[in-house]
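Q: One structure, pasted below without further comment.
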Amino acid sequence: MDDWRVKTEKHIADVGTLLGYTANNILAYVAEPEARARIAVHAFGGTLEDFTIPELVAGFCDFTTACEVLDVSPLAVLRARCADGAVSEMLCCVLENSFELLPALDAEGGGPARYAAIAEALAFRAPDHDMSKLAEPEAAMFAEFTPGLSGLVFGSAEYWATLDKMPALAHHYEHNRHHPQHFDDGICGMNIVDLIEMFCDWYASGRRHATGNILKSIDINTPRFELAPDIACVFVNTAPIFERIDQHLNEKAEVPS
């Protein structure tokens, strides 16, 4: 099998593992009422910059649930928090775009059903992540350019120049929602599942480069995509959680020659 295809399939598998791990971390909060109460306090009146990704999802699910129980518009409260500077416009847009992912509140499911809905959406994404790379018109392009990209420093002038030479990259962005380039308004067009998949992609991609890591990816991509400070903080806070399964990813890195 071509080396580029082996590496691409390994990357797809790694992102799938990270998405599944994130889904499990989200579901774990269902059984942790004290942690959920702490998160809810921040979601309603504190800052979101201290959250990890699973905490952000938990806060979002319980925030929307509490608003509806109190017969208050979650969108109105979210927009008010944005207006007072507690939530960035970018994160506000991402959360607003995520309302449609949540099931209706009912007596049987309640808030935990919303945790499950986000977790299921992440699991649904896992097997399809970046699969367009393995078919035309993308396969030939990635076969040609992947070996060279792997040897370049992410964020360097040579790296960006190489991307500019890749003719089917627009097709890849068009068919993969975890790229900001998929949306006319970048990250502001994403929902929370898109955002999480993007982070997983950045994390797994950073592991492929000798000089790469997730913190460097966040640092480089923050000005590139005008990433809001609160989202950047959530990403930085999440990195240590993912480091716990690095060994598992390393064990899966052994591929047949």
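We did not get these values from a lab; they are worked out from the coordinates using the rules stated. Note that the structure is predicted; figures quoted are calculated from it, not measured. Neighbour counts run over all protein chains shown; Cβ positions are idealised from the backbone, glycine included.
Q: Using only Cα atoms, find the angle between the long axis of helix 53-69 and the longest principal axis of the chain, and express it within 0 to 90 degrees, rounded to the nearest 10.
A: 30 degrees
Q: While we're here: Suppose each label sits 7 Å from its Cα in the direction of the beta carbon; what would the Ser205-Asp128 distance come out to in nanometres?
A: A separation of 2.0 nm, rounded to one decimal place.
Q: Measuring from the lowest to the highest alpha carbon on each principal axis, how far does the chain reach, largest first, in angstroms?
A: For the chain, the Cα spread along each principal axis is 57, 35, 30 Å.
Q: Please find the FRET efficiency linking Asp219 to Ala66, where r is the Cβ-Cβ separation and R0 is fixed at 35 Å, and quote it to the nearest 0.05.
A: Efficiency, from the Cβ-Cβ distance: 0.50.
Q: Next question, about the same structure. Would you mind ranking Met198, Met141, Met131 by Cβ crowding within 10 Å, fewest neighbours first?
A: In increasing order of surrounding Cβ atoms, one gets Met131, Met141, Met198.
Q: Plugging the Kirkwood radius over Cα pairs into Stokes-Einstein for region 100-183, at a temperature of 20 °C and a viscosity of 1.002 mPa s, what D comes out in µm²/s?
A: 138 µm²/s
Q: For region 129-144, just list the computed ³J(HN,Hα) in residue order, Karplus coefficients 6.51, -1.76 and 1.60, θ = phi - 60°, integers in Hz, with x standing in for Gly and Pro.
A: 4, 6, 5, 5, 5, 8, 10, 6, x, 8, 4, 4, 5, 5, 4, 6
Q: Let me know the shape class of region 53-122, please: from the alpha-carbon gyration tensor, a ≥ b ≥ c as square roots of the eigenvalues, rounded when a/c is under 1.5, otherwise prolate if a/b is greater than b/c, or oblate.
A: It comes out oblate by the Cα gyration axes.
Q: Hey, another quick one. So, in Å, what gap is there between the alpha-carbon centers of region 145-202 and region 14-53?
A: 26 Å
Q: To the nearest 20 debye, what charge dipole does the chain have about its Cα centre, counting +1 at the Cβ of each Lys and Arg and -1 at the Cβ of each Asp and Glu?
A: It comes to approximately 460 debye.
Q: In addition: How far, in nm, would the chain grow between Val236 and Arg38 when pulled straight, counting 0.36 nm per residue and subtracting the alpha carbon separation?
A: 69.3 nm
Q: Could I ask something else about it? Okay, which of region 129-155 sit inside 17 Å, backbone N to the point 7 Å along the Cα-Cβ direction of Val6?
A: Only 143-144, 146-148, 150-151 pass the distance filter.
Q: Just subtract the alpha-carbon distance of Leu75 and Ser156 from 0.36 nm times their residue separation and send over the number in nm, one decimal.
A: 25.1 nm
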